[in-house]
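Nothing in this text is a laboratory measurement; each read-out follows from the coordinates by a stated rule. Keep in mind that what you see is a predicted model, and the values were worked out from it rather than measured. For neighbour counting, all protein chains shown are included, and Cβ atoms are generated from backbone atoms with ideal geometry for every residue, glycine included.
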């Protein structure tokens, strides 16, 4: 048997498992795994550095299936190469509740799945982050970091807008250890891609600073040669693999009918005959199974050699590397942050929380060398480049700050990749109103439980003159609606420092810091070592006697609530103020604590320069709200606040009216 024939036989095992699993589930996408089986086989048996017996080996090559609809390709590969978790029974449970084989790959749910894919374009933006992470860590740990990142992408991945941002980032920063294997089959759900697309992907990638070649995706020798040619590349590489979707299926191959539904018993029988695969469903012959098992262990020698190098490095360096991989913080980090807050208490000042965030970030990043910051071309406004940071440049990866360009979605996707890789703690930033561009990747970060931090400044109508296009009103509610995402809106420099401590300490939740452009007074003046923001909300100012009014506020509106309290107290309405820097954390607290903080005052009012959505869980549907119910307006920020009634007088008048009604 020739080498090409042997490779084809191994690839046919992937095709058969994909057909059988999709058919049994009566759901799924058999065409892509069948079309890319030859490419995947060459990659896994001839090129990829991995050891199936040690799936979390830090210096393994990373493999990303961005075309996540073709998940059976990945599940078949994991099974065949020897994953203990990916049994034949799991393949038979494809797309079933509780299985290890969900419809699209999910990080943390299935061993060896590097990232959650399915939303097209997400995987390739993650892959850019993974490749960047390798370069950054290679600059910091040169003797133990030397691996590559491979991603299989589809026409759909490359049509999505985020792909342009991702490939432009990779090309500019010369991420030469990144390879995209493009399933160039010219088919999408609607039919031939010519219905909607005529982009020359080779020229497109070359224009973005990539090497790009087109090969026959069913020719093992051409596939291997193209992959081997990337080993010493000076740029990232696109290999456009011309394939036939549903390869082997007699009637549906090359058509959209092989894309998103089972082939059917008759077509599968025809495919088995065409492929020379004369075995029952889910049966793999011993020679094929043995060859795949051998491939699964081909990286064992490289892993053992790496482990020897790892043991030879300085113990302190080794310990810090392991700490970073596990996502642990230095033992003295909490004490550092407590000491920092003590300095803030000792020198209260009025400052925008974006500036307070910059000061806190400098403390945090000094203590955490793994922190990599960045901005989507708003560095002077976001204040996320601190004095202790150096800039990462093309070919120079020893820094800790990334200029992402005006590419919010690409930035957010790549930041996910940095976190997925391990050993780094990524921070991105832009304006809060542009979180819309980041939202798909933020959602995936929350779904995967990644520790990423997004700093979103210019957090309200306080943006002022830039007007309603730049004044976020619905964005806080929109972000709070994402499960497993902490949204912080601190009221002063103390809460900002607390928010930073909580964000970087959260191993399994991404965090958003919504920070102001305008200056805010320091409201926390009595020093406490406790991080009060950790409970999400707390009583900042108590009432003098039984409270008749409870004011709940976040961010810039907390100081407004404090001023309103003084007027209401003087008018005979004892008032308390609750600061709620993170509603997500507050709703996590025990019911007894939530009840204590919400209190029993007959009048409850929330104050936030945003829409009401989400606040009724605290103030009730009959509670008062001072905020926005429309888009904003251009003008000096104090005048904009006045126009929409977000003022001390607006709060006191509403409280007085509600108190009279409750009497």
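Go ahead and run the numbers for FRET between residue 196 and residue 251, Cβ-Cβ distance against an R0 of 22 Å, rounding to 0.05. Plugging the Cβ-Cβ distance into 1/(1 + (r/R0)^6) gives 0.35.
Evaluate the relative contact order of the chain (contact order divided by residue number), counting alpha-carbon pairs under 8 angstrom at least 6 apart; express in whole percent. Walk me through the intermediate numbers first.
Values: 1403 pairs, mean separation 78.6, N = 663.
Averaging sequence separation for qualifying contacts and normalising by length gives 12 percent for the chain.
Exposure proxy shown here: for 470, 79, the number of other Cβ atoms within 10 Å sets the order, fewest to most, as 470, 79.
Using the Stokes-Einstein relation with a Kirkwood hydrodynamic radius computed over Cα pairs, the translational diffusion coefficient of the range 296-378 at 10 °C and a viscosity of 1.306 mPa s comes to 97 µm²/s. With a simple spin-label model that places each label point 7 Å from the Cα along the Cα-to-Cβ direction, the separation between residue 377 and residue 143 comes to 4.3 nm. Extension gain, residue 391 to residue 293: 0.36 nm times the residue separation minus the Cα-Cα distance gives 30.9 nm. When only alpha carbons of the range 249-356 are considered, Rg and Dmax amount to 29.5, 80 Å. Mean separation of Cα pairs under 8 Å and 6 or more residues apart, divided by the residue count, gives the range 416-514 a relative contact order of 34 percent. Label positions at residue 571 and residue 530, each projected 7 Å from the Cα along the C-beta direction, are separated by 3.2 nm. If the segment from residue 508 to residue 544 were pulled out straight at 0.36 nm per residue, it would be longer than the present Cα-Cα gap by 8.9 nm. Convex hull volume per residue, computed on the Cα atoms of the range 333-520, equals 104 Å³. Remark: 149, 2, 117, 230 ranked as 2, 230, 149, 117, counting other beta-carbon atoms within 10 Å and listing the fewest first.
Taking a point 7 Å from the Cα of residue 334 along the Cα-to-Cβ direction, the residues of the range 518-543 with backbone N closer than 15 Å to it are 529-535. Placing pseudo-labels 7 Å out from each Cα toward the beta carbon at residue 305 and residue 347 gives an inter-label distance of 5.4 nm.
Summary of the geometry: the range 211-277 and the range 102-166, compared by the centres of their Cα atoms, lie 21 Å apart.
If you stretched the chain out fully between residue 234 and residue 630, how much longer would it get, using 0.36 nm times the residue separation minus the C-alpha to C-alpha distance? Don't jump to the answer; show the numbers that get you there.
Working: separation 396, 0.36 × 396 = 142.56 nm, distance 5.12 nm.
Full extension from residue 234 to residue 630 adds 137.4 nm.
For the chain, the percent of C-alpha pairs falling in each 20 Å distance bin, counted from 0 to the bin holding the largest distance, reads 18, 45, 28, 9, 0. Seen against the Cα atoms of the chain and their longest principal axis, helix 315-326 is set at about 80 degrees. Over the range 30-162, what portion of Cα pair distances is larger than 24 Å, expressed as a whole percent? Here the tail beyond 24 Å accounts for 27 percent of pairs. Among 145, 81, a tally of other beta-carbon atoms within 10 Å of each Cβ gives an order, fewest to most, of 145, 81.
Dimensions of the range 534-662 along the principal axes, based on C-alpha atoms and rounded to the nearest Å, stand at 43, 33, 23, largest first. Between 0 and 90 degrees, the angle of helix 353-367 with respect to the longest Cα principal axis of the chain falls at about 50 degrees. Rounded to the nearest 10 degrees, the angle from helix 31-42 to the longest Cα principal axis of the chain is 70 degrees.
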